[in-house]
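The values are calculated or read from the model by the stated rules, or taken from the named source; none is laboratory data. This structure is a prediction, so every number in the text was calculated from the model and none was measured. When we count neighbours, we look across all protein chains shown, and the Cβ atoms used for this are built from the backbone with ideal geometry, even at glycine. Each accessible area value is taken on the protein alone, full model and side chains, heavy atoms only, with ligands, DNA and RNA left out. Shrake-Rupley method; radii C 1.70, N 1.55, O 1.52, S 1.80 Å.
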Amino acid sequence: KFICDVHLGKLTRKLRMLGFDVYYKNNLSDEDIVKISLAERRTILTRDLGILKRNEVTHGYFLRSDNPDNQTSEVIKRFQLLNQIKPFSVCLECGNKLKRIPKEKIIDQLPEKVKERKNKFLYCSQCNKVYWEGSHYENMTKHIDELVKII
């Protein structure tokens, strides 16, 4: 479990895309990040050494790269997570676990073309986002394959 500092929104989405539990809000103070880290036993990911120098921080990692793809690779390598990748298992927006949902239950939320062409859906009960395998899915799958190659 991770918590990213406010400057790591892109890394957060990439790690969530790979199925990792990442807490992120773009308005957290350093103090908030440390409190959440301790309360929820999350490792702090940051490019700010100041956070990691705080006495109360028990688990943290300073990212060397400022490129989100390289940062993702760095985290996967550092924490030996390659075998724990489970793409598309958590919500990209909030990080909640996704669950399968029957089409009938979310049909009113779907665009017409999706209603006609898709039958498999995942749902986030926290933010009510619905996911299906569309063009974004194909692009993200290619991106995941590229990320895994550089690890």
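Test of understanding: among 16, 41, which residue is within 23 Å of residue 80 (Cα to Cα), among the basic types (Lys, Arg) and out of contact with any Asp or Glu (no Cβ under 9 Å at 6 or more places or on another chain)?
Working: 16 fails: out of contact with any Asp or Glu (no Cβ under 9 Å at 6 or more places or on another chain).
Result: 41 is the single residue among 16, 41 that is within 23 Å of residue 80 (Cα to Cα), among the basic types (Lys, Arg) and out of contact with any Asp or Glu (no Cβ under 9 Å at 6 or more places or on another chain).
Within the range 100-139, restricting attention to residues that are farther than 15 Å from residue 90 by Cβ and among the aromatic types (Phe, Trp, Tyr), the residue that is nearest to the chain's Cα centre (by Cα) is 132. Residue count for the range 62-91, restricted to those that are of a type in the set (Phe, Trp, Tyr) and either under 14 Å from the mean Cα position of the chain (by Cα) or open to solvent by less than 30 Å² (accessible area, probe 1.4 Å) (or both): 1.
Scanning the range 34-53 for residues that are more than 17 Å from the chain's Cα centre (by Cα), open to solvent by 20 Å² or more (accessible area, probe 1.4 Å) and not basic (Lys, Arg) gives 38, 39, 48, 49, 50, 52.
Taking the options 30, 21, name whichever one is of a type outside the set (A, V, I, L, M) and out of contact with any strand residue (DSSP E or B) (no Cβ under 8 Å at 6 or more places or on another chain). Can you show your working first?
On the way: 21 fails: out of contact with any strand residue (DSSP E or B) (no Cβ under 8 Å at 6 or more places or on another chain).
The unique qualifying residue is 30.
Tell me whether the range 93-106 contains one or more residues that are β-branched (Val, Ile, Thr) and farther than 18 Å from residue 17 by Cβ. Walk me through how you get there before you give the answer.
Let us first name the residues in the range 93-106 that are β-branched (Val, Ile, Thr), namely 101, 106.
Pick out the ones that are also farther than 18 Å from residue 17 by Cβ and you get 101, 106.
Checked against the condition, which is being β-branched (Val, Ile, Thr) and farther than 18 Å from residue 17 by Cβ, the range 93-106 yields at least one hit.
Here's the yes/no breakdown for (1) touching a residue at least 60 places away in the same chain (Cβ under 8 Å); (2) among the basic types (Lys, Arg):
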{"site": "11", "(1), (2)": "yes, no"}
{"site": "14", "(1), (2)": "yes, yes"}
{"site": "18", "(1), (2)": "yes, no"}
{"site": "29", "(1), (2)": "no, no"}
{"site": "43", "(1), (2)": "no, no"}
{"site": "46", "(1), (2)": "no, no"}
{"site": "52", "(1), (2)": "no, no"}
{"site": "62", "(1), (2)": "no, no"}
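Going residue by residue through the range 73-83, is there one that turns out to be part of a loop (DSSP other than H, G, I, E, B), at negative phi and basic (Lys, Arg)? Looking through the range 73-83, none of the residues is part of a loop (DSSP other than H, G, I, E, B), at negative phi and basic (Lys, Arg).
Among the residues of the range 25-33, are any closer than 20 Å to residue 80 by Cβ, of a type outside the set (Phe, Trp, Tyr), open to solvent by less than 50 Å² (accessible area, probe 1.4 Å) and modelled with pLDDT of 95 or more? So far as the range 25-33 goes, no, none of its residues is closer than 20 Å to residue 80 by Cβ, of a type outside the set (Phe, Trp, Tyr), open to solvent by less than 50 Å² (accessible area, probe 1.4 Å) and modelled with pLDDT of 95 or more. For first residues located in the range 72-86 and farther than 16 Å from residue 46 by Cα, partners that are assigned to a helix (DSSP H, G or I) and lie 6+ apart or on another chain with Cβ distances below 6 Å form the pairs 82/76.
Listed by first and then second residue, the pairs with beta-carbon distance under 6 Å, at least 6 apart or on different chains, first residue in the range 128-147 and over 15 Å from residue 19 (Cβ atoms) and open to solvent by 40 Å² or more (accessible area, probe 1.4 Å), second outside any strand (DSSP E or B) and not aliphatic (A, V, I, L, M), are 129/91; 129/93; 132/118; 132/121.
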